[in-house]
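The values are calculated or read from the model by the stated rules, or taken from the named source; none is laboratory data. What you see is a predicted model, and the numbers here were worked out from it, not measured in a lab. For neighbour counting, all protein chains shown are included, and Cβ atoms are generated from backbone atoms with ideal geometry for every residue, glycine included. Note: areas computed on protein heavy atoms with side chains; ligands, DNA, RNA excluded. Shrake-Rupley method; radii C 1.70, N 1.55, O 1.52, S 1.80 Å.
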Amino acid sequence: MNGANQTVMTEFVLLGLHEHHNLQMVLFVLCLGIYSVNVLGNALLIELNMLDPRLHTPMYFFLSNLALMDISGTSSFVPLMLVNFLETQSTISFPGCALQMYLTLALGTTECVLLAMMACDRYVAICQPLHYSELMNQQTCMWMAVLSWGAGFANSLLHSILTWSLPFCGHNIINHFFCEILAVLKLACGDISLNALILTVASAVVTLPPLLLIILSYVFILTTILRVPSAAGRHKAFSTCSAHLTVVVIYYGTISFMYFKPKAKDLYLDKLLALFYGVVTPSLNPIIYSLRNAEVKAAAIALLRGDLLSRKMACFPVVLYVHQAGVCVLSRFRPGQIFGNL
């Protein structure tokens, strides 16, 4: 490398909104509050799923994965972003930027696939209730979760290798709150046409098929629900998937608004929209599931009363016996329960 023309990059400057100090103080307070709700709410969902035997079902298994994903995704960039809001100049090391970009991209991709897996679970629960415990057994759920996480991290690894193999020289100011892949690619002093092509193709592969699978699943679900003779039965059936459908609409709605809207002339607007997508959206999931799910609310009340721990200990011998017998715990979940009030 010619030292006269190129400089080895050791750190990046995150521009954020440093020209608007008062706005950054407002964003600091808002983001800190929302991030706290996100971590506490999703951590509570995971804890309830672990402690309450009634929540040991595929739906809540996937919900726990979603909650863990939301905590990890926001924690990969929000704490440093909050610190940067209070600094006059925000910097991040080269390895730190690489790790941050890898995690945010991986977890965002994983959520796309996981939402499709959750739609498949709802399809089997509503459309194939008699075979639910057989089809959605513990091994199947584990493989579906592994596929979701594996696809996300493999996709991010590919883009990270291609991105960081590019030469970075001179300009090191990232016009964003964190190391977002498109903002990082703009700093490369090499040809990024291959990166842009692969990023476009990979984004289509990891977002469109899961979305189509979700749409197809809910078409069959809606058809099945409309065949239920009683209005009460239709309401109970739809309530088992309404929370998931709400999360899907919010997730894909914000993605579509961000990436398919006309490019804003004011870059501050784009950065604020990205901040909303990255910080606000993950905090909505525990609120949606807790408000629309009677079993989660009942488990939370039992936890506050101290009944949940005693209930867990009372059920422990049964769970242990089932494991020793070689039968999946999920088989204890009766198909008729899937139409319970959520």
Checklist entry - Would it be correct to say that residue 70 is over 15 Å from residue 275 (Cβ atoms), among the acidic types (Asp, Glu) and either touching an Asp or Glu at 6+ places or on another chain (Cβ under 9 Å) or open to solvent by 40 Å² or more (accessible area, probe 1.4 Å) (or both)? => result yes
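Please tell me if residue 115 is within 29 Å of residue 166 (Cα to Cα) and either in contact (Cβ under 8 Å) with a residue 60 or more places away in the chain or more than 11 Å from the chain's Cα centre (by Cα) (or both). Give the steps one after another, and end with the answer.
Working: within 29 Å of residue 166 (Cα to Cα): no; either in contact (Cβ under 8 Å) with a residue 60 or more places away in the chain or more than 11 Å from the chain's Cα centre (by Cα) (or both): yes.
So residue 115 does not fit the description; no.
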Checklist entry - Does residue 255 meet the test of being surrounded by 14 or more Cβ atoms within 10 Å (Cβ to Cβ) and either small (Gly, Ala, Ser) or within 22 Å of residue 128 (Cβ to Cβ) (or both)? => result no
Checklist outcome for this item: With the first residue restricted to the range 192-208 and required to be free of Cβ contacts under 8 Å to residues at least 40 places away in the same chain and more than 26 Å from residue 115 (Cα to Cα), and the second required to be open to solvent by less than 70 Å² (accessible area, probe 1.4 Å) and assigned to a helix (DSSP H, G or I), Cβ contacts under 8 Å at 6 or more apart or on different chains are 192/185; 194/162; 195/159; 195/162; 195/163; 195/185
Next on the checklist: I'd like to know if the range 97-110 contains one or more residues that are on the phi < 0 side of the Ramachandran plot, open to solvent by 20 Å² or more (accessible area, probe 1.4 Å) and free of Cβ contacts under 8 Å to residues at least 40 places away in the same chain.
Outcome noted: yes
Checklist entry - Could you count how many residues in the range 155-197 are over 28 Å from residue 68 (Cβ atoms) and either within 18 Å of the chain's Cα centre (by Cα) or in a helix (DSSP H, G or I) (or both)? => result 6
Item to check | Candidates 55, 30, filtered to the one that is over 25 Å from residue 164 (Cα atoms), surrounded by fewer than 22 Cβ atoms within 10 Å (Cβ to Cβ) and modelled with pLDDT under 90 | outcome: 55
Checklist outcome for this item: Filtering the range 145-154 down to residues that are crowded, with 19+ Cβ neighbours inside 10 Å and over 18 Å from residue 70 (Cα atoms) yields none
Checklist entry - Which residue pairs have Cβ atoms under 9 Å apart, sit 6 or more places apart or on different chains, and have a first residue in the range 235-256 that is among the hydrophobic types (A, V, I, L, M, F, W, C) and a second that is open to solvent by 50 Å² or more (accessible area, probe 1.4 Å) and at pLDDT below 70? => result 237/339; 243/291; 243/292
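Residue 138 - would you say it is in contact (Cβ under 8 Å) with a residue 40 or more places away in the chain and surrounded by fewer than 17 Cβ atoms within 10 Å (Cβ to Cβ)?
For residue 138, the condition - in contact (Cβ under 8 Å) with a residue 40 or more places away in the chain and surrounded by fewer than 17 Cβ atoms within 10 Å (Cβ to Cβ) - is met.
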Checklist outcome for this item: Scanning the range 115-135 for residues that are over 16 Å from residue 218 (Cβ atoms) and either open to solvent by less than 10 Å² (accessible area, probe 1.4 Å) or aromatic (Phe, Trp, Tyr) (or both) gives 132
Next on the checklist: Is it the case, given these coordinates, that residue 89 is open to solvent by 20 Å² or more (accessible area, probe 1.4 Å), of a type in the set (S, T, N, Q) and closer than 26 Å to residue 295 by Cα?
Outcome noted: no
